[in-house]
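What follows is a set of notes on a single structure, which appears directly below.
The values are calculated or read from the model by the stated rules, or taken from the named source; none is laboratory data. Quick caveat, the model's predicted, so the values are computed rather than measured. We place every Cβ from the backbone using ideal geometry, glycine too, and count neighbours over all the protein chains shown.
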Amino acid sequence: MAEIKTIGVVGAGQMGNGIAHVCALAGYDVILNDISQDALDAGVTTIEKNLSRQLSRELISMDDMKAAQGRITTTVDVAPLERADLAIEAATENREVKEKIFETLCTVVPKHAFLATNTSSISVTRLASTTDRPERFIGLHFMNPVPLMKLMEIIRGLATDQETYEMALGLADRLGKTTTNAEDYPAFIVNRILVPMINEAVYALYEGVGTVESIDTAMRLGANHPMGPLTLADFIGLDTCLSIMQVLHDGLADTKYRPCPLLVKYVEAGWVGRKVGRGFYDYSGDAPVPTR
């Protein structure tokens, strides 16, 4: 099996910079790519902040931190990805955007290289079909925040071969991740269960069953969840939650996956969560304040 030395990560947002972080810490050379230099700069700042946090908790040493920082290079040009043995797409949860990225990657990355998507809901088989190597294509769904969460969902497309699957297992082992195999159906395992729960919490708010705070408190203290579903929605991004619900609704044709109209309204307003400072909570002050 081909050895993975250099990993390209396309997308420097919350998932992409997290993937770059753990890969660099595990000893891989990482090429972090984004169309925006500002996004790259913000991604690197986040990586440095998270490495510093790990250092302060004595989870890594100063040498580990410096070595990881030294392994990451950034670029707005895709050409440097010609050195990648594995390219992982971590862009927004939009099929057309992802397909365009893979079409570009196939013109740059070497023929021996593996391709992977971090999609949280979209068909791996469908994305693979847009490439020149569907047998070397796989879904690697990291959990957010990547440096903290131990799970990696592995999703084989219809054409994914055994070598590619074994590469994914080896990568996960080196990153210290626990894997679970998911079939290539809409939203896989985690989000097939999690995001409809969030959508139901939004329905409870929409129908006046409870307030933002009462719904979150009920699930934290009544179900022992670490954070309430509306807080979690803000953390994930309401746009991402809506995209996943749309994939579920379209792919399974079941009305139980219908996105809540209130979730749609929040996304239309641009109130998509913590990343913009406002979602079901307003994060502009010292403490989050419900927006409804």
Could you tell me whether L221 is farther than 20 Å from S123 by Cβ, touching a Phe, Trp or Tyr at 6+ places or on another chain (Cβ under 7 Å) and not in a loop (DSSP other than H, G, I, E, B)? no
Hey, could you check segment 226-275 for residues that are of a type in the set (F, W, Y) and either modelled with pLDDT under 95 or assigned to a loop (DSSP other than H, G, I, E, B) (or both) and say which is farthest from the chain's Cα centre (by Cα)? W271
Among I122, I101, the single one that is outside any helix (DSSP H, G or I), in contact with an Asp or Glu (Cβ under 9 Å, 6 or more places away or on another chain) and touching a residue at least 60 places away in the same chain (Cβ under 8 Å) is I122
Taking the criterion of being in a loop (DSSP other than H, G, I, E, B) and not acidic (D, E), would at least one residue in segment 162-179 satisfy it? yes
Considering only segment 1-91, give the strands (runs of 3 or more DSSP E) lying wholly within it that have at least 3 residues that are closer than 23 Å to N144 by Cβ. 6-10, 29-33, 86-89
Suppose we filter segment 180-191 for residues that are surrounded by 18 or more Cβ atoms within 10 Å (Cβ to Cβ) and assigned to a helix (DSSP H, G or I); how many remain? 1
Positions within segment 134-179 being aromatic (F, W, Y) and surrounded by 22 or more Cβ atoms within 10 Å (Cβ to Cβ), in sequence order: F137, F142
I'd like to know if segment 150-173 contains one or more residues that are under 25 Å from A233 (Cβ atoms), out of contact with any His (no Cβ under 8 Å at 6 or more places or on another chain) and not small (G, A, S). yes
